[in-house]
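Below you'll find the structure, written out as structure tokens, and then a few comments.
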Amino acid sequence: MSAECVIRRLKAAGHYVVGCDIYPGEWHYETRLCDSFVRAPFASSEKAYIQFLIDTCCNYNLGFIIPLTDLEIDVISHNRYVIENNGITLCMPSNNVLSIARNKYKLHTTFIDDPIVASIKTFLIKDIPSDFIYPCIAKPYNGRSSEGLIRAATKAQIMALENKDNYIVQEQLRGDIYTVDYCRSSLFDLDASVPRIELLRTKNGAGLSIKIINDPNLINIASHIGKTLDVNGCVNFEFIKHNNEYYLIDINPRFSAGVAFSLISGYDMVLNHIHCHTNKKIDAQIPIKERIIIKKYEEVAIE
């Protein structure tokens with residue numbers, strides 16, 4: 001869902017863009033925005049996928065890879081040095097950041113005693129205390145886009161899970177979901193945030209109608225997380241606001257589905273992400289103007 005915004009901003013800055021996907025190019029509107037398109041193997045076929053990326057970069061003389069999905073990032077991170085040894089820059093977080101962002105239990109333990117970041121009570125299933133309160137939230141510790149998420153899970157449901165070792169359980173809090181598009185240059189220690197409340201969102205967590213909010217507290221929390229982890233580039237933080245406090249739920253180590261919301265608000269996450277990976281200064285924090293922004297879909301006939 002971020003692809004169109006990312007491609008348009010790269011093209012506007014004069015970059016040559018090659019898009020890839022597992023499906024035929026004619027099935028995607030975004031293909032028409034790219035300079036070229038190459039059909040990719042499944043990222044789950046790890047060896048073939050990594051070789052495909054390297055070969056495509058060599059064939060088109062490309063210097064940068066910008067992954068847009070968690071699955072791609074997981075596979076690429078395992079093969080980071082093979083790709084980088086071919087002179088290709090990976091525009092994605094470091095493996096140290098990914099080890100925390102892509103492991104929800106490790107994310108919890110990283111900030112459990114942090115005085116600035118509120119943490120939801122989280123346990124591995126084997127460590128659930130006897131006084132834990134059900135119903136709860138259950139989800140894979142390395143899940144993405146709400147896959148495998150169980151809301152209002154009972155103790156019986158938790159115990160019946162086939163792959164218990166892959167799951168964590170969390171206290172179920174009530175509140176609105178807030179996300180923050182966040183960009184940081186680790187070289188210059190500069191960062192910027194655009195926070196929003198999700199008014200309407202899909203079941204897998206993509207905002208459809210949002211409100212940009214001016215909340216210095218949330219911006220400060222995002223900055224603290226980014227500096228604690230030494231984030232470089234653009235990521236997305238997800239929070240639930242419960243009893244007037246922001247609890248960190250997740251870190252998406254990529255552009256959010258709603259990155260265009262930040263662009264409309266006046267901050268170009270895409271080009272500043274590139275600046276982070278080309279050792280250039282990023283734009284400073286912008287004044288936040290509160291407004292509602294909606295995502296619309298449009299049918300396009302392909303001749």
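The values are calculated or read from the model by the stated rules, or taken from the named source; none is laboratory data. What you see is a predicted model, and the numbers here were worked out from it, not measured in a lab. Cβ sites come from the backbone with ideal geometry, for glycine too, and all protein chains shown count toward neighbours.
Values as computed for the structure displayed
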item	result
Residue ranges of strands (runs of 3 or more DSSP E) in the range 130-220 with at least 1 members among the β-branched types (Val, Ile, Thr) and free of Cβ contacts under 8 Å to residues at least 60 places away in the same chain	136-140, 150-153, 167-171, 176-185, 190-201
Test: residue in the range 284-296 that is over 27 Å from residue 119 (Cα atoms) and either touching a Pro at 6+ places or on another chain (Cβ under 8 Å) or at pLDDT below 95 (or both)	yes
Residue in the range 229-246 that is under 14 Å from the mean Cα position of the chain (by Cα) and at pLDDT below 95 present	no
Residue in the range 83-103 that is exposed (fewer than 14 other Cβ atoms within 10 Å of the Cβ) and hydrophobic (A, V, I, L, M, F, W, C) present	no
Pairs, first in contact (Cβ under 8 Å) with a residue 60 or more places away in the chain in the range 285-303, second assigned to a loop (DSSP other than H, G, I, E, B) and β-branched (Val, Ile, Thr), C-beta under 7 Å, six or more apart	290/213
Residue check for residue 178: outside the structural domain of residue 128 (by TED's automatic domain parsing), under 23 Å from residue 246 (Cβ atoms) and hydroxyl-bearing (Ser, Thr, Tyr)	yes
